[in-house]
1. Among the listed residues B:Val73, B:Val121, which satisfies the condition of being within 14 Å of another protein chain (Cβ to nearest Cβ), at pLDDT 95 or above and in contact with a strand residue (DSSP E or B) (Cβ under 6 Å, 6 or more places away or on another chain)?
2. Run down B:Ile316, B:Ile271 and say which single residue is free of Cβ contacts under 8 Å to residues at least 24 places away in the same chain, of a type in the set (Val, Ile, Thr) and either within 13 Å of chain A (Cβ to nearest Cβ) or crowded, with 17+ Cβ neighbours inside 10 Å (or both).
3. Has region B:8-16 got any residue that is touching a helix residue (DSSP H, G or I) at 6+ places or on another chain (Cβ under 8 Å), surrounded by fewer than 20 Cβ atoms within 10 Å (Cβ to Cβ), part of a helix (DSSP H, G or I) and not β-branched (Val, Ile, Thr)?
4. Only residues that are closer than 16 Å to B:Ala327 by Cα and more than 8 Å from every other protein chain (Cβ to nearest Cβ): list them for region A:422-435, please.
5. For region A:245-265, enumerate the residues that are free of Cβ contacts under 8 Å to residues at least 12 places away in the same chain and not in a loop (DSSP other than H, G, I, E, B).
6. Filter the helices (runs of 4 or more DSSP H) completely within region B:128-219 down to those with at least 1 residues that are buried (at least 17 other Cβ atoms within 10 Å of the Cβ) and among the hydroxyl-bearing types (Ser, Thr, Tyr).
7. Select from region B:76-106 the residues that are charged (D, E, K, R) and buried (at least 16 other Cβ atoms within 10 Å of the Cβ) and write down the one among them that is farthest from the other protein chains (Cβ to nearest Cβ).
8. So which residues in region B:100-127 are free of Cβ contacts under 8 Å to residues at least 12 places away in the same chain, outside any strand (DSSP E or B) and closer than 18 Å to B:Gly268 by Cα, if there are any at all?
There are 2 protein chains.
Amino acid sequence: MYDIIIIGAGPGGYVAAERAGKMGKSVLIVEKDQLGGVCLNRGCIPTKTLLNSGKLYKQAKNSAPYGVHAGNVSFNWEEAMSWKNEVVKTQRNGVSFLMNENKVEVLKGFAELLEGKKVSVNGKIYEGDSIIISTGSAPFIPSVPGADGANVLTSDEILDLEKLPESLAVIGGGVIGMEFASLFSNLGIKVDVVEMMEEILPMMDKGHARVMRREMKGINFHLSSQLLKIDGKKLTYLSSGKEESLEADLVLMAVGRRSNTQGLEETGLDIHKGKIVVNEKMETNLPGIYAVGDVTGLSMLAHSASRMGEVAVNCICGVQDRMRYNAVPWAVYTSPEAAGCGLTESDAAAVGRKVKTASVLMKHNGRFLAEHGKSAAGTCKVVVDAETDILLGVHLLGGISSELVAGAAAMIESELRVNEIKQIIFPHPSLSEVIRDAVWAIV
Amino acid sequence: MYDIIIIGAGPGGYVAAERAGKMGKSVLIVEKDQLGGVCLNRGCIPTKTLLNSGKLYKQAKNSAPYGVHAGNVSFNWEEAMSWKNEVVKTQRNGVSFLMNENKVEVLKGFAELLEGKKVSVNGKIYEGDSIIISTGSAPFIPSVPGADGANVLTSDEILDLEKLPESLAVIGGGVIGMEFASLFSNLGIKVDVVEMMEEILPMMDKGHARVMRREMKGINFHLSSQLLKIDGKKLTYLSSGKEESLEADLVLMAVGRRSNTQGLEETGLDIHKGKIVVNEKMETNLPGIYAVGDVTGLSMLAHSASRMGEVAVNCICGVQDRMRYNAVPWAVYTSPEAAGCGLTESDAAAVGRKVKTASVLMKHNGRFLAEHGKSAAGTCKVVVDAETDILLGVHLLGGISSELVAGAAAMIESELRVNEIKQIIFPHPSLSEVIRDAVWAIV
């Protein structure tokens, strides 16, 4: 008998386990694969490690304007992959350490949820006062002819690629698709992106997404284009009612992810469109059973899963808490980077909310100019409530956006108003000043 | 007759002018040298531009662990200087544009403050309803024999250096001294730092400063050492009562700055220890006369000067505001970077304030590990009030600390408590997560 049994040790599950352990609960966490889940093993961490290598390569070749000259710059994929594997292993050991430190019991195996808050793992039954389901998600493969070809990979397999291809087609211009497109393009590989919607990165400010595409000069974008079939290296897609085709050595299928609900369908859990339904306390319809992370489909981000895990644990422990989605930051580690938090202008329009917006160009920021030159694109756009002046959204494109957005999340979560943000002192010269400058530009 | 006359167009003056212009005031700004002041012309901006070049050079040589190999990496000082000059010119044009846009009248000349809120510039008298003095500061040259030698420079002159020296001695381990020491060391030049105090960077957490010195492997530190004389390339200093000496081609004198109060001594202004005394509204003892920035000696940072300028303008315009110093961030753009905001543990001890602290190592952060490797130093330490759990200080060493500290300033300024910060969602994987992790480590 455990206080809490957690199914799945990704960022939802292992953070929940850590927090619950810290609060003195007896915790069992069951993982069918490896500690850290997709994020650590086949997602955020390995991707960002490779992206960093790609950025270093691009930078070493392009630092002449700053007085730095390098001859014969070369990229060694095997070394980059080996460093990526090392980072993943180190981080996984870190999670294992955290579990030990917080007296969390870790069990390898597939957990089957039974009635009465019991789970069966490797033929043995375990019982918990509460259960947290954090089974995550997996790449979705569309039913397109040829999608099972040997040269068609998902993000899972491409992270084990032994040799760089000459060309890559990415199906899907979401975060996963765009990050790999940017990585391979930075390494000098021909990249095509085929996206069904009329713009990439749907959570992004529309204007920013347009600029981002323009900045990714090495990538051919095929928007409003639907993949019809893959025939070896030939991809056929429908664009404005016309069949078009392109060639690529390798195809990355990145059209989305489906929540992992296998084996949960017959448990009585309320599952809607393949996702477990939860309330703001992360409670499912079954008493004592919680669900967090990608399996809920509510916010497919590692840090959302972690926060949901914390909320579930707090609710189990009687600490008041609830999950909010208005200040969830996102970041894309492409070149250029982009990040954002909260409402975009079009989100606001879609729900009829009256807002004011303002934008500033990063090239007017001293540090951005010094480090990125005169022609690099970069923008910060803020969205505030038209009546109360409360900050609702911050949207960044360029520079080290991914590291600025936590500050924005703090301001949005704290419901700061324009006048309050104007009183915060930002360090000079730093790129972070663009947030303040955009807020000052609100009229 | 102007609503406001501003003396000095550095970050205190020009920001005050911009804000006042936006509020519809008629503004005259008088500058004896160039728009942008020390910060833009001989301080923050040129230094950070050169530091970036130095970091790119170091990075191009050291990216092999990430799979990136560059042969024959070389540094061209002239090109780096020319880019630095271009950045300064562009930013200066930006300030000029801002002045025009906000209908601020710009006058070149030395302003002499007369009685009755009048100033004399180039023999002509101008009158203002209010006066803001933002005359800044200048490098202080200690009265040491040989300090007037041809190879002894201040930060003003070293930014015009035509040719790299073979070795550099930096007198003073404050921000200016350490940034130049780091720049030249990154470029492969032998650097010695002579500091009178027992530690560098006095505003820094003591433990962090120690680690920082250890990380700056190319720099020889001489702490608790007092410079006695300079004789050409030979510097003699006193260390533990013993005379020691070192040799350096070039000497950078960076022992501090003195406020520019020349010509103000006879005006009736309350000047204490060479600094103009002001209250929290930036008012001096003379009605209608305000002082902001380095000339007040209260916080010798560009962004403090700007905020003081805003406070002065708000007070002039009848908008409630006051200057606070508890959430002023600082950053040092050395390798590694460091930054901080608010109380350190020793600050708290000095005033007998009960606090709790916690630290996390950046190497446990996924992004830091991926981008900086296993052996890079990095720490985040937080200080919270022992009774209320309100965040009082955040101290960062390593990575892109300078871009994380604005978020910390927002949290400190908003007086967030540990429990509130725990509910903020930080993007994963980002270095910014170290702030959250340090807050979670508070017990």
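1. The conditions single out B:Val73.
2. B:Ile271
3. no
4. Answer for region A:422-435, where residues must be closer than 16 Å to B:Ala327 by Cα and more than 8 Å from every other protein chain (Cβ to nearest Cβ): there is none.
5. Result: A:Ser245, single match.
6. So the answer is B:155-158, B:175-186.
7. B:Glu105
8. Listed by number, the list holds a single entry, B:Gly116.
The values are calculated or read from the model by the stated rules, or taken from the named source; none is laboratory data. What you see is a predicted model, and the numbers here were worked out from it, not measured in a lab. Reconstructed Cβ throughout: ideal geometry from the backbone, glycine too, with neighbour counts over all protein chains shown.
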